[in-house]
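These notes concern the structure reproduced below.
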Amino acid sequence: MEQQQHQLTNCSTWSTAPKLHHLLLQNPQRIAFSNARRQKPNQKKKSLNWRMRGFGNEAPVLVVKASNGGAGTDVVETAVVDRPKLRRFQVFQGHPSPFGATTRDGGVNFAVYSANAVSVTLCLITLSDLEEDKVTEQLSLDPLTNKTGNVWHVFLKGDFKDTLYGYKFEGKFSPEEGLYYDSSKIVLDPYAKAVIRRGEYGKLSPDGNYWPQMAGTVPSFDDEFDWEGDLPLKYPQKDLIIYEIHVRGFTRHESSMAELPGTYHGLVEKLDHLKELGINCIELMPCHEFNELEYFGYNSVLGDYKVNFWGYSTVNYFSPMIRYSSAGIRNCGRDAINEVKFLIKEAHKRGIEVIMDVVFNHTAEGNENGPILSFRGADNSIYYMLAPKGEFYNYSGCGNTFNCNHPVVRQFIVDCLRYWVTEMHVDGFRFDLASIMTRGSSLWDATNVYGVPIEGDLLTTGTPLANPPLVDMISNDPILHGVKLIAEAWDTGGLYQVGMFPHWGIWSEWNGKYRDTVRQFIKGTDGFSGALAECLCGSPNLYQEGGRRPWNSINFVCAHDGFTLADLVTYNNKHNLANGEDNNDGESHNNSWNCGQEGEFVSISVKKLRKRQMRNFIVCLMVSQGVPMIFMGDEYGHTKGGNNNTYCHDNYVFFYTFVHTLSVKPFSLFIMVVAVLQINYFRWDKKEESSLDFFRFCCLMTKFRQECESLGLNDFPTAERLQWHGHAPGVPDWSERSRFVAFTLMDSVKRELYIAFNASHLPATITLPERPGYRWDPLVDTSKPAPFDFLSSDLPGRDIAVKQYAHFLDANLYPMLSYSSIILFLSPVDDP
């Protein structure tokens, strides 16, 4: 950029005024003054800043600086800088807030944070030039006129049709200092609302690059969406039944018959399935922009290529995952944004809230060997948790750790959450590895954070904080007030905070202890009867003392990582060979039980026991206080072939099993069975097969929970409402060998419920509590085959089935088979 400098030295401010006046008169209509008060020669700390703010890109910039030159004189320095000229745009100084690209005053304001860059260049790129890795126009930002504090900014007017943008940051490339500036890289604005390059899921760029140049969408004044009056549903959290769902996996299989499979629109096509299941809240697995080809590499086991299917590796937190949309990059991603809005609007119409799974613990940029995409290129030392010599802390297990409690980063996270609530209408968030958000940031300074030092404060980077500033900000933010906040209260660095996550009375937690306890008890492990009782009551041992409620516990048995419900009762061991990591990946301690034989191809008796166990898990989940969560596909018994870490599969997997059928000395005959699995795709054909069996049972159990006033309490049950029993009324057995838990629960709708779990390998005949004038009627018995496992009022032959129990119930008894659970309800004896 050409510069004309006019330096006036050893002159007083007064004597140079005519010369300044002459310069200013050249463009009087284009000048605004700041801090233009005249200063007397003997005034201390004399500093005069005059800036010419151009209102057209043809105007030069006049910068006037006055300072004390010593000996009672002032030195005035001026510089007339030619303003950069762009072919399509008028250039103005711009504003430092808000961050990102924002429409205003007939143009677009660009503002980006970088404390350590020495220069910043705004790159404008047309969609066609992006495909050819070209920059259409670029504008170097002047640190005098286009920088306020550590924010670089510029305002442009012009035609932004099909225009994208990014930045080049120049500064030191010094990894040992935590700096990774590379002016040859065009990096994404962390606040970009859509990220554009590849528009088709799983497809490489034409040159075979799986990390092609990306750019952000420039917003338009025409960006509109008809919400049709959509408002938040604001369900009390105690009333939720959550369904963890993967957007692509839900409808990608051909059996979905979706018009637009694997997309946001495809999910909309199948929302009625969730309504039938009794779901009123979906938890979307990551839908922020990520690169599904991040792990792209040949998998010799399957003879194909790995992908990042789950999406826990964010590129940009404001942009939705563009390749989950049927629109792709059409209209520079704006149509994709509207497709997400359409999904949320349609979910709300069906009475279903939408929670997003967000990954603020790490990004896709990895460690020092990872790509420079956005945060690293803008200011690596700010956005990542670093050791003194620039090494990356890795509490996420994914190469880096987001520096969540740094003032700039925590403001970024709050801004992002606000955007998804106000602009996209989401109802809440589940925070992946949320314990990272409680760790001290790099160069932790209590004085800087709290305003005063803390006595004995010797905290180092990554130290868990009792009152983490980020969680404090989110909890007390006026815009985020009332949205659902759910923490996965652990990380891979060993910090486990289930029951102890800083909560401000409003945070819930994925209750991993519930999962582990229920799995252990249902499969018949000794010593868990008392722990199960705690789980059934909403885990007061974890949440009551801290002032929280049962609904602060998100109860689950299965989730995306780990065994599915069907695999939990089919496999003792993980079978992850298909991942190409020699079965070394994934959790080895699953608390699973195969019911006597490993794998899919087993005896009929084992298959029956497995279905009984699956029903037991669903009963336990639905009668526990707290908020139940079901994983996608568990409602029909989806299997992943024993693979408990299916993060990398978007394809068919061949599953091999050897079945020993005959042994006659000296020969043995083996039969090899080959099955083909779509391990991450919801199988709609299998769901239909299960419609009168397990799927029906799940639907009836969710409906039953919603009908009962007592199964979604706002507080922990007391002795006035709940009584514990054993094989005899009022005599619970909490001994180490006990595998039986039973209780009665007062209910204003159902009068009273009797619920029992027999996890023993032996049957038991139990004595029921006497209720004069009433009888116990059977409703659920998981030992019965479908449809008699749930005696719904509309079930043909229900009366005959009930009569089969009559001789036991008349004697106030009930026979329970091994590994079974029951639900009875109280009815007046004079009822027909």
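The values are calculated or read from the model by the stated rules, or taken from the named source; none is laboratory data. What you see is a predicted model, and the numbers here were worked out from it, not measured in a lab. Cβ coordinates were reconstructed from backbone atoms using ideal geometry, including for glycine residues, and neighbour counts include every protein chain displayed. Ligands, DNA and RNA are excluded from the accessible area calculation, which covers all protein heavy atoms including side chains. Shrake-Rupley method; radii C 1.70, N 1.55, O 1.52, S 1.80 Å.
Okay, here's what the table says:
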item	result
Residue match in segment 374-388 (condition: open to solvent by less than 40 Å² (accessible area, probe 1.4 Å), acidic (Asp, Glu), touching a residue at least 12 places away in the same chain (Cβ under 8 Å) and farther than 17 Å from Asn116 by Cα)	no
Selection status of Thr744, closer than 30 Å to Glu276 by Cα and either acidic (Asp, Glu) or modelled with pLDDT of 95 or more (or both)	yes
Of the criteria (1) buried (at least 22 other Cβ atoms within 10 Å of the Cβ); (2) more than 30 Å from Tyr243 (Cβ to Cβ); (3) basic (Lys, Arg), which one Arg430 fails	(2)
Selection count, segment 562-579, where residues are open to solvent by 10 Å² or more (accessible area, probe 1.4 Å) and modelled with pLDDT under 95	2
Cβ pairs under 7 Å, 6+ apart, first in segment 715-737 and over 13 Å from Ala764 (Cβ atoms), second part of a loop (DSSP other than H, G, I, E, B) and open to solvent by 70 Å² or more (accessible area, probe 1.4 Å)	Asp715/Arg549; Phe716/Gln544
Hey, Tyr681 crowded, with 21+ Cβ neighbours inside 10 Å and over 37 Å from the mean Cα position of the chain (by Cα) or not	no
Verdict on Tyr774 being over 26 Å from Arg548 (Cα atoms) and open to solvent by less than 10 Å² (accessible area, probe 1.4 Å)	no
Top-ranked residue of segment 273-290 - restricted to ones that are touching a Lys or Arg at 6+ places or on another chain (Cβ under 7 Å) and among the charged types (D, E, K, R), ranked as most open to solvent (accessible area, probe 1.4 Å)	Lys275
Any pair with Cβ under 6 angstrom, 6 or more apart, that starts in segment 597-626 at a residue that is more than 17 Å from Phe697 (Cα to Cα) and ends at one that is β-branched (Val, Ile, Thr)	Gln597/Val606; Gly599/Thr657; Phe601/Thr657; Phe601/Val659; Phe601/Val673
Residue within segment 684-705 that is over 34 Å from the mean Cα position of the chain (by Cα) and either over 30 Å from Glu276 (Cβ atoms) or open to solvent by less than 50 Å² (accessible area, probe 1.4 Å) (or both) present	no
Cross-chain or 6+ apart pairs with Cβ under 8 Å, segment 516-527 first and under 17 Å from Ile618 (Cβ atoms), then among the charged types (D, E, K, R) and at pLDDT 95 or above	Thr517/Glu534; Phe521/Arg739
Scan of segment 157-192 for residues that are farther than 19 Å from Ser140 by Cα, open to solvent by 50 Å² or more (accessible area, probe 1.4 Å) and in a loop (DSSP other than H, G, I, E, B), ordered by number	Asp159, Lys161, Asp162
Close pairs (7 angstrom Cβ cut-off, 6 or more residues apart or separate chains): within 15 Å of Arg252 (Cβ to Cβ) in segment 266-277, modelled with pLDDT of 95 or more and in a loop (DSSP other than H, G, I, E, B) anywhere	Gly266/Ala258; Gly266/Leu260; Glu269/Ala258; Glu269/Glu259; Lys270/Ala258
